[in-house]
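Peer 1: Structure below; questions to follow.
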Amino acid sequence: MRRVSVLCFFLLTLSFSVGQTTENPWAISLGANLINLTGDDVDSGIKFGAPTLGISRYLIGGVSIGGEYSLGNAENNNTEYSYTSLEGNLKLNIINDPDKNVRPFVRAGYGIARFDENLDKEGPFPSTESNYTISGGVGVDIDLNDNLSINLITTLRSKVEDDSPFEVGYDHFKHIVGFSYGFAFADKDRDGIRDRLDECPEDAGLKEFNGCPDSDGDGIIDGEDDCPKTPGLAKFNGCPDSDEDGIIDKEDRCPQEAGSAELEGCPDTDRDGISNPDDNCPNQVGPEENNGCPWGDKDGDGVNDNEDECPEIAGKGDDGCVLIPQSIIDWTSSEKATLYFKHDSSELSDENKETLSKELAPILVEYTAIELLIEGHASLEGSEEYNYDLGLERASEVSNLLQELGVDSSSLEIVSYGETQPVGDNNTWAGRKLNRRVKIVLKNE
């Protein structure tokens with residue numbers, strides 16, 4: 001009971017740490033043993049003993065080297081023996097993965113075993129009661145937590161037949177049930193790098209970065225990476241520059257299109273100083289006040305809309321408005337603008353033709369922006385419909401003649417009022433003569 005109490009006290013004083021690895025190679029073990037003698041002349045029972053103490057050091061590739069010391073009891077033919085052994089051993093993990101909770105292994109060793117029936121003899125290994133042994137066995141480690149494991153081991157220990165002075169010995173099975181504790185170096189972030197060598201002991205990292213993390217995998221540790229969540233370039237402190245324009249994405253208004261620093265990383269395709277996102281006409285040079293678009297000329301008069309005071313009407317003036325000469329104003333305001341026709345006729349008189357060809361047509365040919373309204377009228381004779389058609393024929397005759405004289409048809413508009421707008425009394429011959437007319441009116445303001 002005293003031995004069991006010592007074992008429990010030792011286990012309760014263990015502190016947490018990680019298991020055996022190349023970084024944390026040392027471990028100790030403590031357990032109890034069961035000894036079972038074997039052989040042709042042996043009649044043995046299984047005897048309990050304690051403690052079994054061990055120490056081991058991890059080497060590489062799942063291989064550990066260690067030493068083991070045991071105290072116990074054995075029995076043969078009703079004779080009791082005290083048992084002592086000291087052994088060096090090699091252990092090979094069958095599953096070499098520290099993250100696995102159950103790890104089977106094989107073990108081989110060489111050492112000394114003592115079977116003593118006289119408990120009063122002095123010395124741990126009196127020569128007449130000891131023998132050399134070789135052993136082989138299997139076992140399993142079962143992790144309870146990061147540092148503490150249960151060990152179950154079975155080995156067959158065979159005495160070595162040689163010329164040694166040792167006389168008493170038995171082949172025997174030794175079963176061990178115990179615990180092992182791995183001496184781990186401090187590793188707060190549990191990245192496998194001891195804190196004193198870890199430049200980032202609070203954050204799990206990589207060996208190649210001395211324990212510091214590189215979250216985005218760009219080869220720049222997070223502490224020196226201005227963009228730790230996005231892969232980037234060292235020259236930009238870990239930040240990306242997707243369009244390779246020398247401006248990092250988080251400061252680039254147009255991260256997918258190469259641009260200039262002056263325009264916050266955006267391009268200016270037409271080179272008018274306005275970035276494409278702010279330019280309504282990115283492929284045409286234009287001023288900022290027109291949102292990057294060139295000034296248009298809607299009326300096609302050669303004066304840009306921004307300088308044209310009459311942008312919807314073509315004009316010859318510097319302000320883009322129609323230039324109306326005083327001569328046309330005077331002419332359309334005179335009696336010459338009224339042409340008279342014979343009864344029931346739309347034929348122009350020679351006098352009217354001469355007036356149109358020599359006085360009106362030349363002005364209209366020179367000033368193409370002038371617009372005229374040609375009004376046809378008739379006296380009251382005939383039906384209303386007939387008089388409407390007659391008025392339209394008279395207006396058409398004037399328009400056709402002007403066009404033959406070179407006037408653009410777009411400058412001329414004809415309309416018939418028939419008998420509806422008389423200027424003379426239709427009950428008199430003189431009044432009806434005044435009503436058979438065409439009136440030429442200037443439309444331009």
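Peer 1: Tell me, what is the per residue accessible area of the chain in Å², probe radius 1.4 Å?
Peer 2: With the other protein chains kept in place, the chain gives 56 Å² per residue.
Peer 1: Residue separation times 0.36 nm, minus the C-alpha to C-alpha distance between Asp278 and Leu197: what's the value?
Peer 2: Length gained, Asp278 through Leu197: 23.8 nm.
Peer 1: Could you look at the chain and say what percent of its accessible area is carbon and sulfur, using a 1.4 Å probe and all protein chains?
Peer 2: The nonpolar share, carbon plus sulfur, comes to 51 percent.
Peer 1: Compute the acute angle (0 to 90°) between the alpha-carbon long axis of helix 2-12 and the principal axis of greatest extent of the alpha-carbon atoms of the chain; round to the nearest 10°.
Peer 2: That helix lies at roughly 20 degrees to the long axis.
Peer 1: Give, in nm to one decimal, the length gained when the segment between Leu90 and Glu262 is fully stretched (0.36 nm per residue of separation minus the Cα-Cα distance).
Peer 2: Taking Leu90 through Glu262 to full extension adds about 54.9 nm, to one decimal.
Peer 1: Right, next: Could you work out how far helix 384-404 tilts from the main Cα principal axis of the chain, as a 0 to 90 degree angle to the nearest 10?
Peer 2: With both axes taken from Cα atoms, the answer is about 80 degrees.
Peer 1: Could you tell me the accessible area of Glu385 in Å² (1.4 Å probe, neighbours in place), rounded to the nearest ten?
Peer 2: 140 Å²
Peer 1: Next question, about the same structure. How much solvent-accessible surface does Phe209 expose, in Å² to the nearest 10, with a 1.4 Å probe and all protein chains in place?
Peer 2: That residue has around 50 Å² of solvent-accessible surface.
Peer 1: Also: Using a cut-off of 17 Å between alpha-carbon atoms, which aspartates and glutamates can reach Lys229, once sequence neighbours fewer than 8 places away in the same chain are excluded?
Peer 2: Partners within reach: Asp203, Asp214, Asp216, Asp218, Asp241, Asp249, Glu251.
Peer 1: If one puts a single equal scatterer on every Cα of the chain and applies the Debye formula without solvent, what log₁₀ I(q)/I(0) results at q = 0.12 Å⁻¹?
Peer 2: -1.03
Peer 1: Quick one: which of 299-309, 218-228 comes out on top by average Cβ neighbours within 10 Å, and what's the full order, highest first?
Peer 2: 218-228, 299-309
Peer 1: Hey, another quick one. Mean shadow of segment 255-332, computed from the convex hull of its alpha carbons, in nm²?
Peer 2: Averaged projected hull area, Cα only: 6.1 nm².
Peer 1: Sticking with this structure for a sec: In deg cm²/dmol, rounded to 500, what helix-only [θ] at 222 nm does the chain give when every DSSP H run of at least 4 residues adds -39500 (n - 2.57) and the total is split over its residues?
Peer 2: Taken over the chain, the calculation gives -4000 deg cm²/dmol.
Peer 1: Quick one: which of Lys100/Lys174; Lys336/Lys443; Lys91/Lys174 span more than 19 angstrom between C-alpha atoms?
Peer 2: Long pairs (Cα-Cα over 19 Å): Lys100/Lys174.
Peer 1: Simple spin-label model, 7 Å along Cα-to-Cβ: Lys358 to Glu385 in nm?
Peer 2: Here the modelled spin labels are 4.3 nm apart.
Peer 1: Could you compute the FRET efficiency for Asp425 and Gln326, with r as their C-beta to C-beta distance and R0 at 41 Å, rounded to 0.05?
Peer 2: Approximately 0.75, to the nearest 0.05.
Peer 1: For segment 353-445, calculate the relative contact order in percent as a whole number, restricting contacts to Cα pairs under 8 Å that are 6 or more residues apart.
Peer 2: 40 percent
Peer 1: Would you look at the GNM of the chain, springs on alpha carbons closer than 10 Å, and say which of Gly431, Gly111, Gly137 moves the most?
Peer 2: Gly431
Peer 1: For the chain, calculate the relative contact order in percent as a whole number, restricting contacts to Cα pairs under 8 Å that are 6 or more residues apart.
Peer 2: Contact order relative to length: 8 percent.
Peer 1: Measuring from the lowest to the highest alpha carbon on each principal axis, how far does segment 374-445 reach, largest first, in angstroms?
Peer 2: So the three principal-axis extents are 39, 25, 18 Å.
Peer 1: Taking 20 °C and 1.002 mPa s as the conditions, I'd like the Stokes-Einstein D for segment 140-298 in µm²/s, using the Kirkwood hydrodynamic radius from alpha carbon pairs.
Peer 2: 95 µm²/s
The values are calculated or read from the model by the stated rules, or taken from the named source; none is laboratory data. Keep in mind that this is a model prediction, so the values were computed, not measured. Neighbour counts run over all protein chains shown; Cβ positions are idealised from the backbone, glycine included. The protein model used for the area step is the full one, side chains on, heavy atoms only, and it has no ligands, DNA or RNA in it. Shrake-Rupley method; radii C 1.70, N 1.55, O 1.52, S 1.80 Å.
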